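Asks: The structure under discussion is supplied below as C-alpha cells; questions concerning it will follow.
Readers should treat all values here as calculations from the given coordinates under stated rules, not as data from a laboratory. Model, not experiment: these values are computed from the prediction. Backbone-built Cβ (ideal geometry, glycine too); neighbour counts: all protein chains shown.
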Amino acid sequence: MPAFRPPRDWDAVYAAADGYHFGEEPSQLAHTALGFYRLFNGPVDGLALDLGSGEGRDTAYLAKAGLNVVARDVSPTGLEKTRTLLGRLGVPANRVDLGVADVRDFDYSPGTYDLALAANVYQFLRPEEAPAHLARLQEATKPGGICAVGVFSPAMTAWGAETGDYFSATADELLAYFPPSGGWLPLDRTEYWTYRPENAMMVSFAYVVARKESKS
Ligand SMILES: C[S@@+](CC[C@H](N)C(=O)[O-])C[C@H]1O[C@@H](n2cnc3c(N)ncnc32)[C@H](O)[C@@H]1O
C-alpha cells in the first residue's frame, strides 16, 4: 500500500480524473466561510478570491451564491474543467475571472476581497515562504470581510504520509496568524483527521475562518 504522497503535478491529476477529482460540491471550508459571510454581510454580492481553485468546485459555489469571483490556479486543466462546471451550472461568464497563476506571483491588491479563500494551496509552498503569502491574503481581505485558509496538519506525517518540504500547521498554529490584537475575529477553527482507504492511513487538515474587523 503506497503511503500518501501529495501530488506535485495537479494538471495530470485533473486530466486523469474520472469526472471531478474533488467532486463538484464545495469544500467544507468554502461552505463555512460563505455561511459567516452571509451572517455578517447579509446579501451575497461582493468580490471573492479563490486561490488554488483547482477544478472550480468552490469558485462555482461562491459565484452561484451571488459573488463575483477571481479564481487562480497553476493547472490549465483545472481551469478548463472549472469553465465546464460553470457553464453546466448556468453561472454567467462575466461573474468569474479565471486565470492561470502561481500564488507566489499573484498580485494581492490590499483591501480588495470581501471573501478571500485559499483552500489547501499554501501547503504546497515551502514552510519558509508560505506565511508571507498568507499575510498577503490577509492584507487583500477587505475590512469587514472574511478570510479562510486551509492547509495540511502535520499529524499525518506521524501516520506515515510523505509531505516532503511542504508547509503545514495545526489548527492552533494557523489560528495564531489571526490574532484579535491584529484586528481579526476568529470564527471557525477546525482540524480534522480522516481515513484514506487508498493509502490505508489517516490524513489531516487544519482550517481557520476569520473576519477582518472593520476599521472604525
Ligand atoms: C488540494 S488541491 C485544492 C483545490 C481546490 N482548492 C479544492 O479544494 O477543490 C490544491 C490546488 O492548488 C494548486 N496549486 C498548487 N501549488 C500552487 C501554486 N504555487 N500556485 C497556484 N496554485 C497552486 C494545484 O494546482 C491544485 O489545484
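Asks: Work out, step by step, the length gained on full extension between Asp45 and Ser181: first 0.36 nm times the residue separation, then minus their alpha carbon distance; give nm to one decimal.
Replies: Values: separation 136, 0.36 × 136 = 48.96 nm, distance 2.88 nm.
Gain on extension, Asp45 to Ser181, equals 46.1 nm.
Asks: Can you grab the distance from the C-alpha centre of the range 186-214 to the C-alpha centre of the range 58-133, Å, no decimals?
Replies: Distance between centres, Cα-based: 19 Å.
Asks: Based on the Cβ-Cβ distance of Asn94 and Asp11, what FRET efficiency does E = 1/(1 + (r/R0)^6) give at R0 = 25 Å, to the nearest 0.05?
Replies: Working: r = 26 Å, r/R0 = 1.05.
The computed FRET efficiency comes out at 0.45.
Asks: Between Tyr177, Ala63, Ser75, whose Cα lies farthest towards the positive end of the dipole of the chain when Lys and Arg beta carbons carry +1 and Asp and Glu beta carbons carry -1, centred on the Cα centre?
Replies: My answer, from the dipole projection, is Ala63.
Asks: A further question on this structure: Rank the residues Arg72, Arg136, Arg38 as a footprinting-exposure proxy: fewest other Cβ atoms within 10 Å of their Cβ go first.
Replies: On the way: Arg72 22, Arg136 17, Arg38 14.
Ranked by crowding around the Cβ, least crowded first: Arg38, Arg136, Arg72.
Asks: Write out the GluC sites (Glu not before Pro) in the range 1-96 meeting two conditions: DSSP loop, and at most 16 other Cβ atoms within 10 Å of their Cβ. Kindly include the intermediate steps, with their values, before the conclusion.
Replies: On the way: sites: Glu24, Glu55, Glu80; in loops: Glu24, Glu55.
Here the sparse-neighbourhood loop sites are Glu24.
Asks: Another question about this same structure. Report, in cubic angstrom per residue, the convex hull volume of the C-alpha atoms of the range 10-212.
Replies: Working: hull volume 22.7 nm³, N = 203.
With only Cα atoms used, the range 10-212 gives 112 Å³ per residue.
Asks: Here's another thing I want to ask about it. In a Gaussian network model over the chain where Cα atoms closer than 10 Å are linked, find which of Asp50, Asp105, Asp58 has the largest mean-square fluctuation.
Replies: Of the options given, Asp105 has the highest mean-square fluctuation.
Asks: Treat the count of other C-beta atoms within 10 Å as a stand-in for reagent exposure and order Arg196, Arg126, Arg211 from fewest to most.
Replies: Least to most surrounded, the residues fall as Arg126, Arg196, Arg211.
Asks: Right, another one. Of all the Cα-Cα pairs you can form in the range 91-147, what percent are over 17 Å apart?
Replies: Values: 692 of 1596 pairs.
It works out to 43 percent of all Cα pairs.
Asks: Between Asp102 and Ala135, 0.36 nm times their residue separation minus their Cα-Cα distance comes to what? Mind dumping the intermediate values first?
Replies: Values: separation 33, 0.36 × 33 = 11.88 nm, distance 1.61 nm.
Using 0.36 nm per residue and subtracting the Cα-Cα distance, I get 10.3 nm.
Asks: Taking R0 as 41 Å, what FRET efficiency do you get between Ser109 and Met201 from their Cβ-Cβ distance, rounded to the nearest 0.05? Could the numbers behind the result be given before it?
Replies: Details: r = 40 Å, r/R0 = 0.98.
Efficiency, from the Cβ-Cβ distance: 0.55.
Asks: As a check on your grasp of the helix formula, calculate [θ] at 222 nm for the chain: sum -39500 (n - 2.57) over DSSP H runs of n ≥ 4, divide by the residue count, round to the nearest 500.
Replies: Details: 7 runs with 64 residues, N = 216.
Value at 222 nm, helices only, nearest 500: -8500 deg cm²/dmol.
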